[in-house]
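Working notes, structure below.
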Amino acid sequence: MKAKQKPGVIFQPHVHYHLQRGIDKLVNAIRPTLGPLACGVAIDPLNDAETLPEFLDDGGLIARRIIELPNRDEDMGAMLLRGMLLRQYERIGDGTATAAVLFKAIFDAGLRYIAAGGNAMQLRRQLEALTPCVLDEIDRMIVQLDGETALARMAMSVCHDEALSAIMGEAFDLIGEFGRLDVREGYGRGLTREYVEGTYFHTGLLSRTSFPEDSPQKLTYENPSIFLSDFDITDHQELFPILQAANTANVESLVIIVRSLSEKAVSLLVAHNKMDKFKIAAIKLPGLNADDRVATIDDLSRLTGAKAYLTVLGNRLESMTASDFGCARRIWADMRSFGLVGGGGDPAKLRDHFRVLKSRYHNLPDKDDRKKLQERIGNLLGGGITVWVGGFTEPDIKNRKSVAERTALALRSAIQEGVVPGGGIALLNCREVLEKQRTYITDTDTKAAYNILIDAFTAPARAIFQNAGYDASEVMAQLYYECADVGFDVMTNRVVNMREAGILDSATTLKASVRNAISTAAMALTIDSLVHLSKPEMIGKPQ
């Protein structure tokens, strides 16, 4: 049983003290994951059935696992930062460690300025006003990735796994920005890849009786006609107009895609397949919910040229003709999935559909929604690659699979908006424009904001050097007189040109880290009191 906590209000200077302690604890748990030679974090098993601790090297997942600190005042600081990190993780998928380190550097420097007599609200406004300038400077550094070698180098800077980066570079050179890539757990010790032709979906045949005798449990039809609907066909007689239209058109084979078929309807198709006429296969319409099914029907209709018969529109099968059928060069199906190659839809309409979906993709704020739409676009493009990730132990496989998924997400982002020098160098480059502007500033609060950001932008690079076992001050001294884009490669212990060495960061990810860190830290500096509400006793519930 957890003791009932009394309500209360906390004022300065205790507010800043406790917020800072909570933020420090969360950042200190995430900072070790930054950089190519970073460490991981071990977390207690999530349930009693698991015996091994969970090993994580992803700042977003670590923040998600930390749900409460024992001290409720410190917990407010930690949860404030956690909320920002989870928003970035859900929308972007990466950059949380950089955002956490940058947030702490800005917040700590801001507290020192406020303690010396500075105005918190004025400082917040100036910090927020400088954000567009920093983002514009990052935009100026962007270059586009081109070619398998460049993509592999970018992947290497994310996953630090030579074999995985080579496969990822090859895969994205083939499939591009929206191509379909599936990462799955393998049973071997290494990495393998499989190229899949055409468009495929994760639902299969409605009945095993569709397989012919002595078949390999997989159907393949060449040049089939396709009927597409979201109907639940409960009466076998509803199939008569479809069969009659197919018979009139002398089709070679027919694929019926519907939500479900009754037992009598399945029996009718089985009996028809035993006759010396065209063959029929019934496939379950893909989609876990109504929205997914509508999207799938829309895509299949454009891919194959089939008229979609929809319940919501009140379509009736009695009115159908052979012209309502779609077609494809080949369709294959088993009990778990089906795919088509060479859909017969109108290419011009399909291109328009691509443009609409891509425009919608770039305007979606949520990472999961974007991922779902990206998979939909990739499936429409046809073709895909499956990467099978192996390892020596189950935790090793799971960790490597997580790294592969994170690498794929970073590569997609990099292809879309471009890349900037990695290893914290892009932020170090931003300091030059701030230092030039600072020379013309006389206002105290504005100058303080410049000083805070100039110093804070060294924090991610310093964390990378420290995590790799180097003296951050010594490395920074080596870089002081170097030109832009030159940084320190902790893997080779050399000063290199980051672009030429392939040490790169996604511009989208870095900009999100900067924007989130500055805005959230600036807001946190203006918190002047903490209010604790009374919480009810929790008896018999796990804490």
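The values are calculated or read from the model by the stated rules, or taken from the named source; none is laboratory data. Quick caveat: nothing in here was measured; it's all calculated off a predicted structure. With ideal geometry, Cβ positions are generated from the backbone for all residues, glycine too; neighbour counts draw on all protein chains shown.
Quick check on region 468-484: of everything there that is in contact with a helix residue (DSSP H, G or I) (Cβ under 6 Å, 6 or more places away or on another chain) and in a helix (DSSP H, G or I), which residue is surrounded by the fewest Cβ atoms within 10 Å (Cβ to Cβ)?
Filtering first and then ranking leaves Ala472.
Residues in region 236-279 that are under 19 Å from Glu222 (Cβ atoms), touching a residue at least 60 places away in the same chain (Cβ under 8 Å) and among the small types (Gly, Ala, Ser): how many?
Here the count works out to 2.
With the structure loaded, tell me whether Glu162 is under 34 Å from the mean Cα position of the chain (by Cα), modelled with pLDDT of 85 or more and not small (Gly, Ala, Ser) or whether it fails that test.
For Glu162, the condition - under 34 Å from the mean Cα position of the chain (by Cα), modelled with pLDDT of 85 or more and not small (Gly, Ala, Ser) - is met.
Assigned to a loop (DSSP other than H, G, I, E, B), within 28 Å of Arg376 (Cα to Cα), among the small types (Gly, Ala, Ser) and touching a residue at least 12 places away in the same chain (Cβ under 8 Å): is that true of Ala306 in this structure? If you could, list the steps in order and put the result at the bottom.
Values: assigned to a loop (DSSP other than H, G, I, E, B): yes; within 28 Å of Arg376 (Cα to Cα): yes; among the small types (Gly, Ala, Ser): yes; touching a residue at least 12 places away in the same chain (Cβ under 8 Å): yes.
So Ala306 passes the test.
Which of the numbered conditions does Glu177 fail, given that it passes all the others? Conditions: (1) under 24 Å from Arg370 (Cα atoms); (2) of a type in the set (D, E, K, R); (3) over 21 Å from the mean Cα position of the chain (by Cα); (4) at pLDDT below 85.
Every condition holds for Glu177 apart from (3).
Within region 60-117, which residues are over 21 Å from the mean Cα position of the chain (by Cα) and of a type in the set (Lys, Arg)?
Once the filter is applied, which keeps residues that are over 21 Å from the mean Cα position of the chain (by Cα) and of a type in the set (Lys, Arg), region 60-117 yields Arg72, Lys104, Arg112.
Each row is one residue, and each column tells you yes or no for (1) closer than 18 Å to Gly344 by Cβ; (2) of a type outside the set (Lys, Arg); (3) touching a helix residue (DSSP H, G or I) at 6+ places or on another chain (Cβ under 8 Å); (4) surrounded by 18 or more Cβ atoms within 10 Å (Cβ to Cβ).
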{"residue": "Leu228", "(1), (2), (3), (4)": "yes, yes, yes, yes"}
{"residue": "Ile257", "(1), (2), (3), (4)": "yes, yes, yes, yes"}
{"residue": "Ser267", "(1), (2), (3), (4)": "no, yes, yes, no"}
{"residue": "Gly305", "(1), (2), (3), (4)": "yes, yes, no, yes"}
{"residue": "Thr311", "(1), (2), (3), (4)": "no, yes, no, no"}
{"residue": "Glu318", "(1), (2), (3), (4)": "no, yes, yes, no"}
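For region 187-203, give me the residue count where each residue is buried (at least 18 other Cβ atoms within 10 Å of the Cβ) and in a loop (DSSP other than H, G, I, E, B).
Result for region 187-203: 2.
Restricting attention to region 216-227, which residues are farther than 25 Å from Arg259 by Cβ and either outside the structural domain of Gly326 (by TED's automatic domain parsing) or modelled with pLDDT under 85 (or both)?
Here is the first cut: in region 216-227, the ones farther than 25 Å from Arg259 by Cβ are 216, 222-223.
Once the filter is applied, which keeps residues that are farther than 25 Å from Arg259 by Cβ and either outside the structural domain of Gly326 (by TED's automatic domain parsing) or modelled with pLDDT under 85 (or both), region 216-227 yields only Pro216.
Given the residues Ala468, Ala463, Ala449, which is the only one that is of a type outside the set (Asp, Glu), in the same structural domain as Leu127 (by TED's automatic domain parsing) and farther than 21 Å from Gly59 by Cα?
Ala449
Looking only at helices (runs of 4 or more DSSP H) that fall completely inside region 103-183, which ones have 1 or more residues that are within 30 Å of Val389 (Cα to Cα)? Talk me through it step by step, then tell me what you get.
Working: elements: 120-140, 148-159, 162-175.
Filter on region 103-183 gives 148-159, 162-175.
Taking Arg360 as the residue in question, decide whether it is crowded, with 17+ Cβ neighbours inside 10 Å, assigned to a helix (DSSP H, G or I) and not polar (S, T, N, Q).
The answer is no for Arg360.
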